[in-house]
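Novice: After the structure tokens below, expect a handful of questions from me.
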Amino acid sequence: MDRTNTRSTGTVHFRLIIVSAISFFLGLQFSHLTALFQTDFSAGGLIDSHATEYMTWAPDEIEYVEKESNQEYHTPSKPGRRNRKPPPRYHDSNYTKESFEPLPWSLPKPSSTRYQTSEEFMAGYIALKRKHNIPLPWEQDKYKEDKVRLPRPIIGLNFPKSATTTMSKYFTCGGITSCHTYVEDDRIGICMMENHLADKPPMEGCNTERTEDGVIEPVEVIFDIGLQGPPCYYASVHDGGLENIAKHYPEGTIMLVTRNATKWAKSITGWNGKIMKLWADESCHFDGSLEGEGMEYWNDLYMSNRSKRKYWLDFYEAHTQKIREFALKHLSLTYVEVELENDKMAEQLELYTGIKQSCVQVCHPGPHWIRKHDT
């Protein structure tokens, strides 16, 4: 009898030990998860040491991740699965790699225009406008009372990791409606692509945004308008994209923020290691593998660069050159270009736009972040 009681007591004690261990382990996991969910990942919510760790991967559209992740869209349903709402009009789930045929694109071979600084190019561009007696909007009386001294719409042509968020927030700070990546009906880039292919104004159908108060307002500024795909579309790279902007908005504004190409390449590959594969042969075919005029030149460059790093530096600089040459040929448009690493960037933006310098906020990778991290 005593032996039986002893055995039972030992079993109880053993079970208590096991239960206590499991409870302790679960408590540690719960504490870790609680701390994680209490972390503020929003802009300005991380101290510098944490920001360096977490923000190196962050896409330019970080502030829109929550908006996108909270949406449930319809996918082909299985029996018994509850119905979900269909995706927005311009959602990328409407496209697949199999259904999307890569679009023709072109970039120029090197010319002297490519190697000018933004300041040098803008000086020559302004002189050319004056020569043709084309007024500069920031010098016109009709814009002096406006919140921003530039014609609308304002279309930013920066590649990802070239201050697209910085610029979008800059114009929002200036008091006008500025959208980055998304509008009310989802991706700006898809809307612009479909309009381009249909010969419609680039922002038709994606020119409104719902405010936090539920008010529908017209969109005046857009940034981060490209897609690495599928579908792949960049108005400043694909044939006819820039022309469609000039055709429908002949007195609008196009903007470009340039970066040191080497630093841009380091930044974009650190942000998204797969993007160059999508740009090359998986989606966009920016490796020159498409048929068409000028493709042999780019494909030869791509194949001759073993590491591909030099190729993407040339690609980035050729993109800047193409936009500059387009601006010189379409003087009815207003063109504004600034350089991210230039200490006078905020001062130059205030000159062109009338928005105070302090609106150039500490975004990633904004000018303040660039100087602090020397990247």
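Novice: Under 7 Å by Cβ, and 6 or more places apart or on different chains, what pairs join a residue from region 140-161 that is in a loop (DSSP other than H, G, I, E, B) with one that is of a type in the set (Asp, Glu)?
Specialist: Qualifying pairs under 7 Å: Pro151/Glu251; Arg152/Glu220; Pro153/Glu220; Pro160/Asp60; Pro160/Asp224; Lys161/Asp60.
Novice: Could you pull out the residue among Gly288, Gly270, Gly292 that is out of contact with any helix residue (DSSP H, G or I) (no Cβ under 8 Å at 6 or more places or on another chain), among the small types (Gly, Ala, Ser) and on the phi > 0 side of the Ramachandran plot? Step through it out loud before you land on a result.
Specialist: Details: Gly288 fails: out of contact with any helix residue (DSSP H, G or I) (no Cβ under 8 Å at 6 or more places or on another chain); Gly270 fails: on the phi > 0 side of the Ramachandran plot.
Among Gly288, Gly270, Gly292, only Gly292 is out of contact with any helix residue (DSSP H, G or I) (no Cβ under 8 Å at 6 or more places or on another chain), among the small types (Gly, Ala, Ser) and on the phi > 0 side of the Ramachandran plot.
Novice: Might you let me know whether region 251-260 holds any residue that is part of a loop (DSSP other than H, G, I, E, B), more than 21 Å from Trp312 (Cα to Cα) and out of contact with any Gly (no Cβ under 6 Å at 6 or more places or on another chain)?
Specialist: Within region 251-260, one or more residues are part of a loop (DSSP other than H, G, I, E, B), more than 21 Å from Trp312 (Cα to Cα) and out of contact with any Gly (no Cβ under 6 Å at 6 or more places or on another chain).
Novice: From (1) closer than 21 Å to Tyr115 by Cβ; (2) open to solvent by less than 10 Å² (accessible area, probe 1.4 Å), pick out the condition that doesn't hold for Ala280.
Specialist: Going through the list (1) closer than 21 Å to Tyr115 by Cβ; (2) open to solvent by less than 10 Å² (accessible area, probe 1.4 Å), Ala280 breaks only (1).
Novice: Would you say Glu337 is of a type in the set (D, E, K, R), at pLDDT 95 or above and part of a helix (DSSP H, G or I)?
Specialist: Details: of a type in the set (D, E, K, R): yes; at pLDDT 95 or above: yes; part of a helix (DSSP H, G or I): no.
The answer is no for Glu337.
Novice: If I filter region 139-157 down to residues being touching a strand residue (DSSP E or B) at 6+ places or on another chain (Cβ under 8 Å) and open to solvent by 10 Å² or more (accessible area, probe 1.4 Å), which single residue comes out as nearest to Ser236 (Cα to Cα)? Show your work before the answer.
Specialist: Residues of region 139-157 that are touching a strand residue (DSSP E or B) at 6+ places or on another chain (Cβ under 8 Å), as a first pass: 148, 150-157.
This time we only want the ones that are open to solvent by 10 Å² or more (accessible area, probe 1.4 Å), so: 151-153.
Working: Pro151: 19, Arg152: 18, Pro153: 16 Å.
Out of the qualifying residues, it is Pro153.
Novice: To continue, here is another question. I need a count of the residues in region 92-138 that are among the basic types (Lys, Arg) and open to solvent by 60 Å² or more (accessible area, probe 1.4 Å). Break it down into steps so the answer makes sense when it comes.
Specialist: Going residue by residue through region 92-138, those that are among the basic types (Lys, Arg) are 97, 109, 114, 129-131.
Still in the list and also open to solvent by 60 Å² or more (accessible area, probe 1.4 Å): 97, 109, 130-131.
Residues in region 92-138 being among the basic types (Lys, Arg) and open to solvent by 60 Å² or more (accessible area, probe 1.4 Å): 4 in total.
Novice: Taking the stated definitions as given, is Thr320 open to solvent by 10 Å² or more (accessible area, probe 1.4 Å), at pLDDT 95 or above and under 22 Å from Ala261 (Cα atoms)? Walk me through how you get there before you give the answer.
Specialist: Working: open to solvent by 10 Å² or more (accessible area, probe 1.4 Å): yes; at pLDDT 95 or above: yes; under 22 Å from Ala261 (Cα atoms): yes.
Here the answer is yes, as Thr320 does meet what is asked.
Novice: Would you please name the residue that is farthest from Cys173 (Cα to Cα), looking only at residues in region 133-145 that are modelled with pLDDT under 95 and acidic (Asp, Glu)?
Specialist: Asp141
Novice: Considering region 325-336 alone, what residues qualify as being in contact (Cβ under 8 Å) with a residue 12 or more places away in the chain and either open to solvent by 10 Å² or more (accessible area, probe 1.4 Å) or over 20 Å from the mean Cα position of the chain (by Cα) (or both)?
Specialist: To start, the set of residues in region 325-336 that are in contact (Cβ under 8 Å) with a residue 12 or more places away in the chain comprises 325-328, 330-336.
Hits for region 325-336 are Glu325, Phe326, Ala327, Leu328, His330, Leu331, Ser332, Leu333, Thr334.
Novice: Another question about this same structure. Among the residues of region 258-274, is any open to solvent by less than 10 Å² (accessible area, probe 1.4 Å) and closer than 28 Å to Asn94 by Cβ?
Specialist: For region 258-274, residues open to solvent by less than 10 Å² (accessible area, probe 1.4 Å) and closer than 28 Å to Asn94 by Cβ: present.
Novice: How many residues, within region 303-317, are assigned to a helix (DSSP H, G or I) and surrounded by fewer than 20 Cβ atoms within 10 Å (Cβ to Cβ)? Reasoning before the result, please.
Specialist: We begin by selecting, within region 303-317, every residue assigned to a helix (DSSP H, G or I); these are 303-304, 309-317.
Subset that is surrounded by fewer than 20 Cβ atoms within 10 Å (Cβ to Cβ): 303-304, 309-310, 313-314, 317.
Counting residues in region 303-317 that are assigned to a helix (DSSP H, G or I) and surrounded by fewer than 20 Cβ atoms within 10 Å (Cβ to Cβ) gives 7.
The values are calculated or read from the model by the stated rules, or taken from the named source; none is laboratory data. Fair warning: this is a prediction, and the values are worked out from it, not measured in the lab. In this analysis, Cβ positions are derived from the backbone assuming ideal geometry, glycine residues included, and neighbour counts consider all displayed protein chains. Surface accessibility is based on the protein's heavy atoms, side chains included, excluding ligands, DNA and RNA. Shrake-Rupley method; radii C 1.70, N 1.55, O 1.52, S 1.80 Å.
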